[in-house]
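Structure record follows, encoded as structure tokens.
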Amino acid sequence: MRTSRTTPSCSTGRPARVHNDGLRTRIRRGVAAFVAISCALVACADIFGIQGGVVDDASVSSDGGNPNDADAGAAKDVITIGDANFAVCDGGLTTLDPNAIYISPNGSDVANCGTQTLPCATISHALGLDAGSYYILAGLYNEHVALTDRSNVTLQGGWVLDGGAWTQQCSTDLTKIKPDAGSGATLTITSSTGVVVSLVWIETPDQAAPGEALYAASVSTNSVVNFNNVLMVSQNAGAGANGGMGSSDGGLCALPYGDGGAGSGGPAGGTGSWSMLGFVPFQAMNGTSGNSGIGGSGAPGSTTTASSCSLLYSGDSGSGVCQTQNGGNCSGLQGDPGCAGVGGSGGIGGIGGAPSVALLVWGGSIVTLNAGALFTANGGNGGNGGAGGLGGIGMNGNPGMSTSCCTACSTTLEAGCGCSMFTPESGGEGGIGGNGGAGGSGGGGMGGPTYLIVVGGDASVSFTPAPVMEAGAGGSGGTPNGNAGVAGNILNQ
């Protein structure tokens, strides 16, 4: 039997350590409401602080009590949390699970880990061991955690070693799950019921890859989860990919001369779609192709009088005389028209930015938030539309083909009549064709959204009481015409 004493300890009255004047104002207002609600229910509370990170110091306050108030839109740098602890002390465990699995950053993921003296090193490894309770020592856990097809499971942080004994307390130490890289939610709970997560700090990586969405926690597929005094933080999401440049094409011959017009730009990208898997941004439409130029006409050839020859017989002797007759005009062939450039193809549309979300709840799942706090930074910027391709350059046409015609007659044989041939000057080459028009630029991708909670697919979220909530700003739209992303506290799909 695994045993432990559970001596809760609390420190109150310490102000939040905040190192940015604009953010200090907002957080203190929100935290004041959070503390008042939490301390009415539990023994004591230490307050969390946030360091750095506000670009826009607009005065927006979180009231901590009404989750529908839109405290969103202030762009943030990376959110960092100070060493002051947000967690509410619940007085410690009244009943210790003798079969609990123990986890410590200094543990070891071996086959028989999970005791107080030989704790597992990672939460993921520990969850592979059959148990109902998992006690997690304060510290940093650099991992993504997934709980699938489980029931009646408790993940409880806030544990420290006090004189070598495992003790749960409300202090500056906090159990923190934060991977340094990788996609997907930091904590994913799927098809699991009776799950309780307490006194844990869940955070996304600081840096998202291009196009990468960030979710602190995701709950889906008919799961039932209680989050008790949990901090969820989602950092800046990845930017959407830029569209590529349109292609440039060759020549096309036509009449008469003129340059082709430019193509039109593509429309801005729209809002993406949400599902159990998260957010899929839309790609803006491509620009249209430029119009082809028109070729210049060729010059005509010179003209002369053509003749025809016939043998005219004289008297009974049957001797013939070669006679010249008018055969009309004889002209050189006109030159070919110049080749006109083909219009360039339209630029490729930019892709919308990725989302930053603290909690995604989907597919009939039921989630209860008991106090705690949720913060997001910013949605990813939308991708820029690609430039249109350049139109092709017009070229000269070919000169006219040579031709010959008869201009005079002479007797060459007793019974014959010959023709003197003449070649008039051929037509000149056609004028340079017009250049093709440039393709239109692709549309700009929409900025990525940022929400504290996204609920969809017949899922539900309730608050007892509501957590402190503050969202960042939607990502900037991509050039030339992308719209900014949407920001808010709660999105119902």
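The values are calculated or read from the model by the stated rules, or taken from the named source; none is laboratory data. This structure is a prediction, so every number in the text was calculated from the model and none was measured. For neighbour counting, all protein chains shown are included, and Cβ atoms are generated from backbone atoms with ideal geometry for every residue, glycine included.
The residues of segment 209-231 that are at pLDDT below 95 and surrounded by fewer than 24 Cβ atoms within 10 Å (Cβ to Cβ), listed by number, are Ala209, Pro210, Gly211, Glu212, Asn228.
Residue count for segment 194-233 satisfying the condition of being touching a Lys or Arg at 6+ places or on another chain (Cβ under 8 Å) and either assigned to a loop (DSSP other than H, G, I, E, B) or not hydrophobic (A, V, I, L, M, F, W, C) (or both): 3. For segment 154-195, the set of residues classified as modelled with pLDDT of 95 or more, out of contact with any helix residue (DSSP H, G or I) (no Cβ under 8 Å at 6 or more places or on another chain) and aliphatic (A, V, I, L, M) consists of Ala185, Leu187, Ile189, Val195, listed by residue number.
For segment 459-469, filtered to residues that are part of a loop (DSSP other than H, G, I, E, B) and farther than 14 Å from Leu360 by Cβ, the residue that is nearest to the chain's Cα centre (by Cα) is Pro467.
For segment 123-176, residues that are among the charged types (D, E, K, R), out of contact with any Gly (no Cβ under 8 Å at 6 or more places or on another chain) and assigned to a strand (DSSP E or B) total 1. Consider segment 196-208 and keep the residues that are of a type outside the set (Phe, Trp, Tyr) and under 27 Å from the mean Cα position of the chain (by Cα). The one that is modelled with the lowest pLDDT is Gln207.
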